[in-house]
Each structure stands twice: as structure tokens, then as C-alpha cells.
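We did not get these values from a lab; they are worked out from the coordinates using the rules stated. Quantities reported herein were computed from a predicted structural model and do not represent experimental measurements. In this analysis, Cβ positions are derived from the backbone assuming ideal geometry, glycine residues included, and neighbour counts consider all displayed protein chains.
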Amino acid sequence: MHFSNFTMITQRVSLSIAIIAMVNGTQQPGPSNASTQGPLSDILVSPSRATKELNMRASVYQWSPETQGVIFSSISYGIILTLIPSGYLAGIFGAKQMLGAGLLISSLLTLFTPLAADFGVLLVIVVRTVQGMAQGMAWTGQFTIWAKWAPPLERSKLTSIAGSGKPFGSFIILCVGGLISQALGWPFIFYIFGSIGCVCCLLWFTVIYDDPMHHPCISVREKEHIVSSLAQQSSSPRRSVPIKAMVRCRPLWAIFMGFFSHFWLCTIIITYLPTYINTVLHVNIRDSGVLSSLPFIAASSCTILGGQLADFLLSRNLLSLITVRKLFSSLDMQASSWASQGDSGLLQESSLPQPLDSSSVRILSLDGETCSSCLLL
């Protein structure tokens, strides 16, 4: 699960670092999808410069800031389209196939992105939108799996370890993306991480099962522990979704606003920080990626530590379940808000982690019933 989260976020963020090389702001305005390429003959004449010239032959597009904004946002629109329906269907029919299919589609579209850019902006937007729909399927599916696999007193720990793949993946793609772009050319950012996603799909369909009852390798002791722990939860066999009750439910809207504000901030940071550092501070693509990656390595560490701390407080009965969720969610959102305030908010964010996120905001959805919990996402 950690590897799948790592793979999906690298595929989502790859464009954030690659677009610095894809869009050359120093060139004269040209056609909407114009590109420039270094001559191949120069590389053949001077083989010693082949690696350096390979980067120069990568296409450069004349995309306006408005066009870049549409491209960036298209993947989020795709995610929104599939969050609720895929979560409901995963709760009914099982999440393994849905999540695996979403991961596979996202990986293949990542490999196709450089070719799509050559065909035009419209195709890039379509590809990113469909990729977002695939990632929305995978995103909600994993919560259905955790609802059947994670004992209540171990959920923060397990989901935080799996969820830490997202900030760790953001750190890796931003840190090495600039290096890949300089050494090989920006298309290889998509080729490398798209290929990693295909490998992850093979592992996913091999080792993941929807519930412990159908896993062939799980020990009897572990299976009994999980099943007995989940049996203590209150559950309802009803599959219909109480839409009216959900609309009137204030706690649900509180969770919704927590998700909204948390992911709004994360999306802004992860999407525009590399471009901001490159264009405003005039830092090259390699150093821009490294600087942009700093908040996410801190977030990855705090996510795991936060999950451990949350489960420790629950297992020792030091705090109630609702108190732990409220406390950690409040700390997460308040600290992130402080870090992003001010004229240099993006730079402040680079030095402060977003604490405890997977053990607080995200875990809230798992404390409900399996089917309805996916709809909270």
C-alpha cells in the first residue's frame, strides 16, 4: 500500500517539476503548441556531448500561465469525478481490482504524457483528467481495504505508514526530477515513474487481497486477531446510503472541511512551489526540485510518528478516540496554516512539516462503516 501511494503521487507530481523544462519562458511567443528541438546531427558530430544534448532535444512548448493552470487542475477534476462513485462501488464489490485497475491506467497514461504533449494541449488535458479519474478510483479503494484489514487500535499506525508513501513520493519526485531532466531530458521523468507504476501493479495483483479471510499466506493467529478486533465494531448490513442524514450531519461536514482545507494547501504547495522557486527566485530546475522537496520529507516522518503516537494514546486509554482525532486534526491544520501565512509563505512551508496528517484527517473516514466511510473522502 505504501508503494502504491508512492507511485501514484510521483505520477501526479511529475508534471510539476517537468513543466519547468517543458515551458521555456525565455523564448519568443510562437504557436500554441510549438516546440523547439536541438539538431540530432550535432550530437552525432560530438558524441562526448550526447548526454547533454539529449536534454536539449526535449520539446519545449509555448504554454501560457493560464494554460498551465488548466493542465495542472485537470487531474484534480478527474479525481473529483470518481471519488464518490468509486468509493461506494469499492465498498460493495471489493477494492483490489478497482485500485489495481486505477493504478495501471494511471501508469500507462504517465508513459503516454510526453507523446500527448507533442499532439497538443487539449490531449494533455484529456490525459491528465482521465489519469485523475483513475487515481480517484485507487485513492478511495485503499480505504475500503483498510476498513477490513486494520484493527481499530492499530489503524492510525498502519494507515500512517501506508499514507507516508505520498509525502515520501513527493520528496523523491521533486528531488530527483530535476536531476533526471538535466541529465536525460524531461520526458524521462514520465517514462521512469510510469514504468515504476507498472511494476507496482504486478506486485499489487500478486500480494494484495480484499480481506484477511481470503489471503492464502496470512497466519491463523493474525487472521483471528484482525477478525475478532473488527467484530467488536458496530456495523450495519444496510448498503443504501443515507443521503439526507449525511447532508444534515454536522460532524460529516466538519470532516469534509478538514479534508478540503488540508488537500487545498497540499495541492497548492506541491503544484506551484517548483515553478515559484524557478521563476521568482531564478533557481535552476535541479536546485528548485531539491528545495521544493524539503517539506515532504519532514511530512513523511511526522506522518509515521503521528500514527504511532495516536495509537499509543488510544491503546493506553489516555485519551478517547474522538479526542485523539480532534486533537491531531487540529494540530495538523493549525500548524499548516501558520506555516503558509505571510508574504513568503511558500518558503516558510519548506522549513515546516505538515504534522500528523494521515493519523488525523484521513483516518477519520475509517472510524465509520466500510461503505459509507469511502464517501467521506
Legend entry - Ordering of 267-276, 281-290 by burial proxy (mean other Cβ atoms within 10 Å per residue, highest first): 267-276, 281-290
Legend entry - Linear extension gain, Leu81 paired with Trp264, 0.36 nm per residue minus alpha-carbon span: 64.2 nm
Inset, instruction - Would you mind pulling out the separation of the Cα centroids of the stretch 57-93 and the stretch 266-320, in Å? - result: 21
Inset, instruction - Step through the table entries Lys166/Lys244; Lys96/Lys166; Lys148/Lys244; Lys96/Lys157; Lys157/Lys244; Lys96/Lys223, compare each Cα-Cα distance with 23 Å, and write down the pairs that go over it. - result: Lys166/Lys244; Lys148/Lys244; Lys157/Lys244
Legend entry - Amide proton proximity set for Tyr61, modelled H, under 5 Å, gap of 5+: Val23, Asn24
Legend entry - Contour minus Cα-Cα distance for His214 and Asp118 (0.36 nm per residue): 30.0 nm
Inset, instruction - With a point put 7 Å past each Cα toward its Cβ, work out how far Asn284 is from Cys249 in nm, to one decimal. - result: 5.3
Inset, instruction - Between Ile92 and His225, take the C-beta separation as r, use R0 = 22 Å, and let me know the FRET efficiency to the nearest 0.05. - result: 0.25
